[in-house]
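In what follows, a structure is listed as structure tokens, so that the remarks can point back to it.
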Amino acid sequence: MEQKTFAFFPEAAFGPALNSVGIAQAINAMGHKAVFLSDPGFVEIYQGYGFEAHPVALSEPMPADQMAKFWEDFINGHIPNFSKAPIDQIDNYVKECWEAIVDSAKWAEKDLPSVLAKIKPDVIAVDNVILFPAIKQYGVPWVRIISCSENEIEDPAIPPHLSGMSESDIAGHAAFRAKFEEVIAPIHADFNDFLATCGEDAYKLGEFFEASPHMNMMLYPEPLTYKRDMPLDPAQFQYLEGCVREDEPYTVPEFAANNDGPLLYISFGSLGAGDTDLLKRLITLVGKSRYRALVNVGDYKAEYDDIPPNVIIEGWYPQPSVIPQVDAVIHHGGNNSFTECLYFGKPAIIMPYVWDGHDNAMRLQETGYGFRSDRYDWTDDEIISKIETCLTDAGMVDKLGKISTHMQSCEGPTKAASLLVGLLK
């Protein structure tokens, strides 16, 4: 097949962005051309991996460095809400998120037609939670990538997206859906008005996107999927079992203390790094333990001092190169961290704060691959006990080994690339 152009349009967050990088790397390896449609603040991220990237304004124009920090500042402004239950985040964090997301779709519609006309893609892959009408209407196959929790594709029998609820909490599911629909109603009405201006039909309350008629790809690992009332048709929905990108190698440095102790990796992602008080509390805990820890502190390294000799902090780690070398991970439940731990067979303790981190934390615990922990309401002894179980529980180790073998054998990025190329045959 002659070289084709595949355009990727991930949302402006590192999880979707880096998952798409993994698939794009596989597209290039097959002899085709991968390009990115990008929030202006993320253009340099894709260029750093060697890809062509075209800016698409998702908000009022502002300097690139300011735009890159938009969501970081947004998250930091909501730190007081991180201690709330997911249902109690609907009328603050979740509401404001959806307002910003709807606004981003309106802004994108101004740039997308001209950008698409310029790059002339043969296939477009969108990793976002909202419809961009110009992409649906462009006239080539378009694919929806679901890099958040699997329940982003709703079903009445499973916990609602963002709820962090148990599969069995049926009453809780109903209460969450009712509150979500009540709070989101005016934002949803505004979005439907926008769809009408683009010649698109209205969505039912609570929905902001639709399944692609061509293909939908879930990064979620199939062994952890929920039991649905309406099973997803494999002709239209495929599980990728994670899409772990190739990143630069990493050598674990020597520690000044506990150099032979179990190695932890602690990261709340680039956005969650602003919760410095929590990270400092975990660093103090590790400092009194037999462990070592690599801790991702994002852009806040200058705020840390008196680091224990068995802890090393950095502003960034090539995570897919780090996780295979550690014994356990403490993270926020973002889908990259969630799937990468399973992919490499590493137990995790998830301290969720927002969005699908709540769902991933509950699902990890319910299926026996690690633990959910409250973000703040824990004692040192409770966390140490969870870490020790992660390190020593033979059943958990066995389960993790099996799912790692399964996920790695699926070669998610290659599978995704093959599905995308297959749309042209």
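Every read-out reported here was derived from the displayed coordinates using simple, explicitly stated rules and does not represent laboratory data. The structure presented is a predicted model; accordingly, all values stated were derived computationally and were not measured. Cβ: placed from backbone, ideal geometry, glycine included. Neighbour counts: every protein chain shown.
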Name the residue, out of ASN296, ASN76, ASN360, whose mean-square fluctuation peaks in a Gaussian network model built on the chain with Cα pairs under 10 Å.
ASN76
Stokes-Einstein D in µm²/s, Kirkwood radius over Cα pairs - region 263-409 at 20 °C with 1.002 mPa s viscosity
142
In the structure shown, do any of LYS33/LYS204; LYS95/LYS346; LYS69/LYS386; LYS346/LYS415 have a Cα-Cα gap over 27 Å, and if so which?
LYS33/LYS204; LYS95/LYS346; LYS69/LYS386
Taking Rh as the Kirkwood radius computed over C-alpha pairs, what is the Stokes-Einstein D of region 225-313 at 37 °C in a medium of viscosity 0.692 mPa s, expressed in µm² per second?
206
Going by alpha carbons, how many degrees (0 to 90, nearest 10) lie between the helix axis of 14-29 and the longest principal axis of the chain?
70
Connecting every pair of Cα atoms under 10 Å apart in the chain and solving the GNM, the largest mean-square fluctuation among LYS118, LYS386, LYS415 falls on LYS118
Extension length gain for TRP107 and TRP378 (0.36 nm per residue less Cα distance), in nm, is 93.4 nm
If you compute log10 I(q)/I(0) by the Debye sum over Cα atoms at q = 0.08, 0.13 Å⁻¹ for the structure shown, which of (1) -0.62, -1.04; (2) -0.50, -1.29; (3) -0.42, -1.19 do you land on?
(3)
Stretched fully, the stretch from GLU246 through ASP260 gains (0.36 nm per residue minus C-alpha distance, one decimal, in nm) 2.3 nm
Output the 0 to 90 degree angle, nearest 10, between the alpha-carbon long axis of helix 276-287 and the longest principal axis computed from the alpha carbons of the chain.
40
For region 263-409, size of Cβ-based charge dipole, Lys and Arg +1, Asp and Glu -1, in debye
380
Which one of GLN365, LEU400, GLY272 has its Cα pushed farthest toward the positive end of the charge dipole of region 263-409, where Lys and Arg give +1 and Asp and Glu give -1 at the Cβ?
LEU400
If amide hydrogens are placed 1.01 Å from N in the peptide plane, which non-local residues have theirs closer than 5 Å to the one on ILE330?
TYR265, ILE266, SER267, ILE349
Length gain on complete extension for the stretch GLN408 to LYS425, per 0.36 nm per residue less the alpha carbon to alpha carbon distance?
3.5 nm
Only Lys, Arg (+1) and Asp, Glu (-1) charged, at Cβ; the chain dipole about Cα centre in debye
880
